[in-house]
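Since the structure comes first, as structure tokens, the remarks are kept for the end.
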Amino acid sequence: MITHNEDMGARIKAERLKRSLSQEQLGLLADSVSRAAVGQWESGKTTPSGPHLLNIARGLGVTPEFLAFGVGKPDNVTVSGLPLIKVPLISWVEAGVLATTIDIYEPGDAEAFIDVSSNRTSLIALRVSGNSMNLEAKDGSVIIVDYDDKTLVSGKLYVIKTADGDVTFKRYRSDPDRFEPCSSEPYNTRVPSEGWSVVGRVIKVERDL
């Protein structure tokens, strides 16, 4: 006899595979849960807690009720009323030490696709690496960036590119212009100089900003 846990696990696995996500990637969307834990859920050996179920459903673009009980539509579900779009996960952003440059997404380059409720069409998803922004986005979390939104607004989060082509993720502050870390650890504020550019504004970090 198939149990309720096995039914839930089968739905989680099916929706994950539809979106070409690995167990590790789904674990990151579920707030940095291990691949082994996702495997336990999918096999029906354990079930995700309430917060993890909400994060999984949001990451997969379905309702928690659908995953738990099979109730509701399995695809294109959004509680915000906005359309559900597939955003390419193309790279990761080094949030501590600067990483190599990130070029705007080209078809075929995506590591995976993340379902996001938004009416914006100029979005890319990037995975954070490092701790310089861990009060906003933990190491391994996914951020959603609008690369058409380059207007700097004090207090908002941005992915920026230095004159050397390196990329980092910081909070912008004005008077004077600066990009600040948001970390539980000591990191230096960075002052923009000639040749710096804005890749885009961060609009989501596993939650609306």
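Restricting attention to the stretch 141-148, does a residue exist that is of a type outside the set (Val, Ile, Thr) and over 14 Å from residue 200 (Cα atoms)? Scanning the stretch 141-148 turns up at least one residue that is of a type outside the set (Val, Ile, Thr) and over 14 Å from residue 200 (Cα atoms). Only one entry of 82, 29 meets the criterion of being modelled with pLDDT under 80 and surrounded by 19 or more Cβ atoms within 10 Å (Cβ to Cβ), and that entry is 29.
For the stretch 54-63, does any single residue satisfy the condition of being at pLDDT below 75 and more than 18 Å from residue 23 (Cα to Cα)? For the stretch 54-63, residues at pLDDT below 75 and more than 18 Å from residue 23 (Cα to Cα): absent.
Given the residues 90, 144, which is the only one that is at pLDDT 80 or above and in the same structural domain as residue 186 (by TED's automatic domain parsing)? Of 90, 144, the one residue that is at pLDDT 80 or above and in the same structural domain as residue 186 (by TED's automatic domain parsing) is 144.
Among the residues making up the stretch 121-137, those that are in contact with a strand residue (DSSP E or B) (Cβ under 7 Å, 6 or more places away or on another chain) and buried (at least 16 other Cβ atoms within 10 Å of the Cβ) are 123, 124, 125, 126, 127, 128, 129, 130, 133, 136, 137. The helices (runs of 4 or more DSSP H) located wholly in the stretch 1-69 that include 2 or more residues which are under 15 Å from the mean Cα position of the chain (by Cα) and closer than 23 Å to residue 143 by Cα occupy 23-29, 50-60. Within this structure, residue 168 passes the test of being surrounded by 19 or more Cβ atoms within 10 Å (Cβ to Cβ), over 21 Å from residue 22 (Cβ atoms) and at pLDDT 80 or above.
Only a single criterion out of (1) farther than 23 Å from residue 25 by Cβ; (2) in a strand (DSSP E or B) is not satisfied by residue 116, namely (1).
Under the condition of being surrounded by 15 or more Cβ atoms within 10 Å (Cβ to Cβ) and either at positive phi or at pLDDT below 90 (or both), the residues counted in the stretch 173-189 number 0.
The values are calculated or read from the model by the stated rules, or taken from the named source; none is laboratory data. Quantities reported herein were computed from a predicted structural model and do not represent experimental measurements. Methodologically, a virtual Cβ is constructed for each residue, glycine included, from the backbone with ideal geometry; neighbour enumeration extends over all protein chains shown.
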